[in-house]
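Here it is: the structure, laid out below.
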Amino acid sequence: MVKKPLIVLNFKTYAESMGEKAVIMARYCEEVSQESGIEIIACPQTPDIFRVAGAVKIPVFAQHIDSTGAGGFTGHINADCVRFAGAVGTLINHSERRILLSEIDSAIQSARKAGLRTIVCTNNIAVTSAAAALSPDFVAIEPPELIGSGIPVSKANPDIVSGSVNAVKRINPKVKVLCGAGISTGDDVAAAVELGTDGVLLASGVIKAKDPKAALFDLVKKI
Ligand code: G3P
């Protein structure tokens, strides 16, 4: 048995988790969260936040925000608007939506002003260290080469995970650490927790599974 981790499910832009299917996926997350007592966060696409947040009680996060305020910023994703849609947090700097370090800093500040929790994604220990210095709520270390591979970072590259955990402890111990990429089973989650993380960020292992609800139950089986 391991301590209770946080599970963050990124819906990305998968067909299996958009529109009404985003609501179904979020309901699976809610059911597994209620039965297991494990916090599961759903990250649907921005246009789906309102419908998902209105349908479930689990926390809903955006996949990205811009740091632009209210005003003439057509096409940008405003933190307050994301909050009004029902999200309570956001990913920032996901490998598939990277931004500059200065923009990560501004995005964290905009999120904080809007009352959103923040998960800053990083691709190596140096970027983890830089991100931790900006005081997000979480950093999530995800080696890009393992994303969508089905090869779990917690087993394939434990050093990058424990190295990130140690870097964050040194730089800003209030920041919590997640890891992601290739996570799909309860064993992968247990390995992540044993490496000192506070949970996992994942996508395809659940979203692309034949039975996403069973995949979610499997994730929490060792907890
Ligand atoms: O945000 C989660 C992510 O990038 C990992 O993706 O499909 O390897 O779980 P996946």
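For a Förster distance of 30 Å, can you work out the FRET efficiency between the beta-carbons of SER102 and ASP159, rounded to the nearest 0.05?
0.55
Continuing with this model, one more query. Stretch THR46-VAL88 to full length: gain in nm at 0.36 nm per residue minus the Cα-Cα span?
That works out to 13.9 nm of additional length.
Enter the mean projected area of the convex hull around the alpha-carbon atoms of region 74-223, in nm², rounded to one decimal.
9.2 nm²
What does the highest-first list of 76-82, 188-194, 116-122 look like by mean Cβ count within 10 Å?
The most tightly packed comes first, giving 116-122, 188-194, 76-82.
Can you give me the Cα centroid spacing of region 65-104 and region 107-150 in angstrom?
13 Å
Please work out the Cα convex hull volume for region 1-152 and give it in Å³ per residue.
Per residue, the Cα convex hull of region 1-152 comes to 127 Å³.
Using the Cα centre as the reference, give the magnitude of the dipole from point charges on the C-beta atoms of the chain (Lys, Arg: +1; Asp, Glu: -1; all else neutral), rounded to the nearest 20 debye.
Its charge dipole is roughly 340 debye.
Shifting gears a bit: Compute the distance in nm between two label points, each set 7 Å from the Cα along the Cα-to-Cβ direction, one at PHE217 and one at MET18.
Calculated label separation equals 3.0 nm.
Post the alpha-carbon centroid distance, region 17-63 to region 165-221, in whole angstrom.
17 Å
I would also like to ask the following. Would you compute, from DSSP H runs of 4+ residues alone, the mean residue ellipticity of the chain at 222 nm, taking -39500 (n - 2.57) per run and dividing by the full residue count, rounded to the nearest 500?
One gets -11500 deg cm²/dmol as the mean residue ellipticity at 222 nm.
With respect to the cross-link table entries LYS4/LYS210; LYS4/LYS222; LYS57/LYS176; LYS176/LYS208; LYS155/LYS222, which display a Cα-Cα separation exceeding 18 Å?
Table pairs above 18 Å Cα-Cα are LYS4/LYS210; LYS57/LYS176; LYS176/LYS208.
Each reported figure results from applying straightforward, stated rules to the coordinates on display, with no laboratory input. Small disclaimer: the values here were computed from a predicted structure and weren't measured. Neighbour counts are summed over all protein chains in view; Cβ atoms, including those assigned to glycine, are modelled from backbone coordinates with ideal geometry.
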